[in-house]
Amino acid sequence: MFTKKDIPLILLCLLMLTIIMLPTCSRMFARTIAGSSVKGFVKDKNNHPLPGAVIQIPDLKTGTVTDSNGYFMINNLPNGNYIIVAGMISYATTSKSITINGITQADFILSESAIEGHEIVITGQSKATEIRRSPIPILAINHDYLMQNSFTNIIDAMAKVPGIATVSTGPNVCKPFIRGLGYNRILTLFGGMRQEGQQWGDEHGIEVDEYNVDRIEVVKGPASLIYGSDALAGVVNLIPVAPAPDGKTIGNVTSEYQGNNGLIGLSAMLSGNKKGFYWSARLSDKQAKDYRDKIDGSVYGTNFRETDASASLGINRKWGYSHLDFSLFNDLQAIPDGSRDSATRQFTKQITEADTFRPIISNHDLNTYAIPVIHQLVQHYRLMSSNSFNVGNGRLAVNLGFERSVRREYSHPEYADIPGLYMQLNTYTYDVKYYLAEFHKWDITLGLNGMYQTNDVTHGTDFVIPSYHQFDVGPFIVAKKTFGNIDITGGVRYDSRTFNNDALYTRPDPVTGFDQYVSNGDTAGADHHFSKYGHTFSGATGSIGATYSISSHVFLKINIARGFRAPNIAEISANGIHPGTNIYQLGNANFKPEFSLQEDIGLDWITPNISANAAVFNNTITNYIYNQKLLNSNGQDSIIVPGNQTFQFVAATAQLYGGEARIDIHPYPFYWLHFENSISVVYAINKDVSDVGGGSKYLPFIPPIHGISELRANLKKPSKALRNSFIKVQLAIYAKQDRAYTAYNTETPTPAYTLFNAGIGTEIVNHAGKTVMSIAVFGNNLFDVAYQDHLSRLKYFEQYPNDPRGISGIYNMGRNIGLKLAVPLNF
């Protein structure tokens, strides 16, 4: 019989077996399945060919581009029913359902349009689906949006999208929040594989190279049906840049500079594809100095250096496809603590272990790319094998992955090489789905997915959580059916997570005096930090929803879903100083799983002159876990370790409700002109508390009401040398957040503020019409407004909260002017 200790080896062997068997599978399926192909023309409404249009079949992870005559052909395809998508800049993306069997014809007529009329999404669905026909609340952030906006990391790129916010600890540390929920309630994917890297921690970001992200899909609501625990609030799927089309070798060099913190970014990519066999590689580097705002000046401890590499190879054949992807993420990140000189309020730094005196930071140290002694090093490695095989009349998808996340926090100024926090997280993921052949317009998918995870914390000197291991398993079934103008999607799932953490004992190191893990079993007289704990968390989830196509322009969506989340390691077992947060954290071993029930109603209206959508939601969560500051018997902060506030996780019944609305006006004949407006509203209350005046009625870290108003001109060809130009001005308006969790001094209200942003950019083309370079200039917070985001953790980094000037904490980034350059390489 296999034991849980054998699971990592089994999964790794399966991964290697998949790779080894690729040639055999290729020959086997080639003998049994006749190859098919799709061909056609892409033209505009005047019957002119459109060269360079992108053709994709999302479910098969393949595509191509049209030639000078607008013609395309994709070979070596398996038979079946798929969605094929055609798109091009300045034209509305168009999709159609096709049945591939032999040589299949698929022609497209693209219309110049300001909107994406037929966007296709793959996240949260059993298979590729038109976003307007999906009842699940989902949005897509396309490549054009990423190119026409400036941001400091890929999660920050989503901050202005309706319903999305970010909790931040400086410019390079952001985590997504969806409708007021984040951390382990949101599952982040990269290329469809779950991203595992100490999600419970809030002082480091998502370990993904932003230059390797082509688009983002976001599920706003429980997605546990497809993905299991940790998708209770939604899913963020970061979709990587696609490899070269068949028969092409392409590349790209991208660079950027941001003036506020001197950010310098550079990324180079090269990819080739010949007869269905593709390869690609990318190398990226990004570094920045401390950022500035007009209240704090340069904020010490916010500089960073990030280096990333990735490579992939794959094969697409008549039997299906098999892809292998590898990536490496390496981030050196300074750690701010907010300590200041009491008289001048200039930032200071720790230089000794005793920490009895802190000198003021020099101007040199505030204006350097060099990483200080106190910093964190986050390294993340991933290997993923994604495969699809035709089996019988259906399709079998097998996705296996391995991730290793190594996180060190160097917190000892006199022992620079000894990490305080040192955690090594290994994750083995598996995802198996069988797509039954469509019958009577029923699409049914059976699946089983989960992960095995281990976390070793024993090589550091600070221990906020113990070592642990866990195993997740979840079978599910999803069905989709079209009844005329009504599309219905639903399914059920059952999850089980077996969780165990180890006991942990320490003794002082005889040389340094730091705590060190007792590894020899001799625990007599040792400090007992953590006790052994084991539990199995389980629960059933489900979802049912419908989209009613009132007309070809109006779509009504209704969905109800139940989500599941098992408590994370910090919520259960934390007991220690959480470096980089100024927090002594306590967990609670008596927690039960969280269950949510969310109802959604949405309306989409898409016309040639106006596109608009609105959605409302209500989400009730039982056993909702949140962090609360502890007070002593005198009503003052409970201090276990000086310099660190003490917090403990507690649970209650929570209700979150609100909605989003967006309208984009692009009137005829000025399709190139956009006037976009959006608003996002989230209210959150603790239903177990009735005392509003006590400040404990509201939940912490809930974003305020906020909206975006943008006027943008997209000019397809303003001159012979320019193409796809844009110019825009934008107002980002944030209301006062006074519905804060002020009880126990946990949270403070945040004043309202408005930011003014702008941007201009274009493609430069040669005489042959080929793009030579893309260039864009951006300005964020142009009026240099001093503000604090309600979800900024730096807002609470304050040693002297009673400053007579009424200024507390660290402010967000001031005026920032940035430049982006991209040079395509075509061979």
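The values are calculated or read from the model by the stated rules, or taken from the named source; none is laboratory data. In this text the structure is predicted, and so the values were computed from the model without any measurement. Positions of Cβ are backbone-derived with ideal geometry, glycine not excepted, and every protein chain shown enters the neighbour counts. For the accessible areas, the whole protein counts, side chains as well, though only heavy atoms, and no ligand, DNA or RNA atoms are used. Shrake-Rupley method; radii C 1.70, N 1.55, O 1.52, S 1.80 Å.
What the table shows:
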quantity: Lone qualifier among 370, 397, 437 - being closer than 24 Å to residue 285 by Cα and either among the aliphatic types (A, V, I, L, M) or in contact (Cβ under 8 Å) with a residue 60 or more places away in the chain (or both); calculated: 370
quantity: Count of residues meeting criterion [aromatic (Phe, Trp, Tyr) and either part of a strand (DSSP E or B) or open to solvent by less than 70 Å² (accessible area, probe 1.4 Å) (or both)] in region 332-368; calculated: 1
quantity: Verdict on residue 249 being touching a Phe, Trp or Tyr at 6+ places or on another chain (Cβ under 9 Å), closer than 17 Å to residue 213 by Cβ and open to solvent by 10 Å² or more (accessible area, probe 1.4 Å); calculated: no
quantity: Criterion (among the aliphatic types (A, V, I, L, M) and open to solvent by less than 40 Å² (accessible area, probe 1.4 Å)) met by exactly one of 288, 268; calculated: 288
quantity: Residue within region 708-716 that is out of contact with any helix residue (DSSP H, G or I) (no Cβ under 9 Å at 6 or more places or on another chain), in a loop (DSSP other than H, G, I, E, B), at pLDDT 90 or above and not β-branched (Val, Ile, Thr) present; calculated: no
quantity: Residue within region 725-732 that is in contact (Cβ under 8 Å) with a residue 12 or more places away in the chain, β-branched (Val, Ile, Thr) and either open to solvent by 70 Å² or more (accessible area, probe 1.4 Å) or out of contact with any strand residue (DSSP E or B) (no Cβ under 9 Å at 6 or more places or on another chain) (or both) present; calculated: yes
quantity: Output for region 378-414, where each listed residue is more than 27 Å from the chain's Cα centre (by Cα) and of a type in the set (Val, Ile, Thr); calculated: 391
quantity: Yes/no for residue 702 being among the aliphatic types (A, V, I, L, M) and not in a loop (DSSP other than H, G, I, E, B); calculated: no
quantity: Looking only at region 132-162, and only at residues there that are of a type in the set (Gly, Ala, Ser) and open to solvent by 10 Å² or more (accessible area, probe 1.4 Å), the one that is farthest from residue 815 (Cα to Cα); calculated: 140
quantity: Residues located in region 536-554, provided they are within 30 Å of residue 501 (Cβ to Cβ) and either free of Cβ contacts under 8 Å to residues at least 24 places away in the same chain or out of contact with any helix residue (DSSP H, G or I) (no Cβ under 8 Å at 6 or more places or on another chain) (or both); calculated: 536, 537, 538, 539, 540
quantity: The listed residue being in contact with a strand residue (DSSP E or B) (Cβ under 9 Å, 6 or more places away or on another chain) and under 22 Å from residue 604 (Cα atoms), out of 142, 172; calculated: 142
quantity: Hits in region 52-85 (condition: touching a Pro at 6+ places or on another chain (Cβ under 6 Å), open to solvent by less than 60 Å² (accessible area, probe 1.4 Å) and not in a strand (DSSP E or B)); calculated: 66, 70
quantity: Filter result for residue 623 (surrounded by 19 or more Cβ atoms within 10 Å (Cβ to Cβ), at pLDDT 85 or above and of a type in the set (S, T, N, Q)); calculated: no
quantity: Enumeration of residues in region 643-684 that are of a type in the set (Gly, Ala, Ser) and assigned to a strand (DSSP E or B); calculated: 651, 652, 654, 658, 659, 661, 678, 680, 684
quantity: So residue 400, is it over 26 Å from residue 474 (Cβ atoms) and either assigned to a loop (DSSP other than H, G, I, E, B) or open to solvent by less than 30 Å² (accessible area, probe 1.4 Å) (or both); calculated: no
quantity: Residues of region 313-330 that turn out to be assigned to a strand (DSSP E or B), open to solvent by less than 20 Å² (accessible area, probe 1.4 Å) and under 30 Å from residue 393 (Cα atoms), as a count; calculated: 6
quantity: Strands (runs of 3 or more DSSP E) (entirely within region 162-251) containing at least 1 residues that are under 14 Å from the mean Cα position of the chain (by Cα) and among the small types (Gly, Ala, Ser); calculated: 164-168, 234-240
quantity: Answer residue from region 555-574, given it is outside any strand (DSSP E or B) and polar (S, T, N, Q) and is modelled with the lowest pLDDT among those; calculated: 573
quantity: Sole exception among (1) open to solvent by 30 Å² or more (accessible area, probe 1.4 Å); (2) in a loop (DSSP other than H, G, I, E, B) for residue 812, by number; calculated: (1)
quantity: Qualifying residue in region 538-554 (condition: surrounded by 15 or more Cβ atoms within 10 Å (Cβ to Cβ), of a type in the set (Phe, Trp, Tyr) and not in a strand (DSSP E or B)); calculated: no
quantity: Some residue of region 713-721 being closer than 30 Å to residue 775 by Cα, among the basic types (Lys, Arg) and open to solvent by less than 60 Å² (accessible area, probe 1.4 Å); calculated: no
quantity: Which numbered condition residue 119 fails, given (1) open to solvent by less than 20 Å² (accessible area, probe 1.4 Å); (2) more than 12 Å from the chain's Cα centre (by Cα); calculated: (1)
quantity: Residue match in region 86-107 (condition: surrounded by fewer than 20 Cβ atoms within 10 Å (Cβ to Cβ), in contact with a helix residue (DSSP H, G or I) (Cβ under 9 Å, 6 or more places away or on another chain) and either under 21 Å from residue 320 (Cα atoms) or modelled with pLDDT under 85 (or both)); calculated: yes
quantity: Residue within region 753-773 that is open to solvent by less than 10 Å² (accessible area, probe 1.4 Å), aromatic (Phe, Trp, Tyr) and out of contact with any Lys or Arg (no Cβ under 7 Å at 6 or more places or on another chain) present; calculated: no
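For (1) open to solvent by 10 Å² or more (accessible area, probe 1.4 Å); (2) under 28 Å from residue 303 (Cα atoms); (3) touching a His at 6+ places or on another chain (Cβ under 9 Å), each residue gets a yes or a no:
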position	(1), (2), (3)
189	no, yes, no
206	yes, yes, no
227	yes, no, no
231	no, no, no
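Let's see how each residue does on (1) farther than 23 Å from residue 59 by Cα; (2) not aliphatic (A, V, I, L, M):
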| residue | (1), (2) |
| --- | --- |
| 436 | no, no |
| 441 | no, yes |
| 445 | no, yes |
| 455 | yes, yes |
| 462 | yes, yes |
| 465 | yes, no |
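Results for (1) among the aliphatic types (A, V, I, L, M); (2) assigned to a strand (DSSP E or B); (3) touching a residue at least 40 places away in the same chain (Cβ under 8 Å); (4) more than 30 Å from residue 337 (Cα to Cα), shown as yes or no for each residue.
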| residue | (1), (2), (3), (4) |
| --- | --- |
| 576 | no, yes, yes, no |
| 585 | no, yes, yes, no |
| 588 | no, no, yes, no |
| 595 | no, yes, yes, yes |
| 600 | no, yes, yes, yes |
| 603 | yes, yes, yes, yes |
| 611 | no, yes, yes, yes |
| 616 | yes, yes, yes, yes |
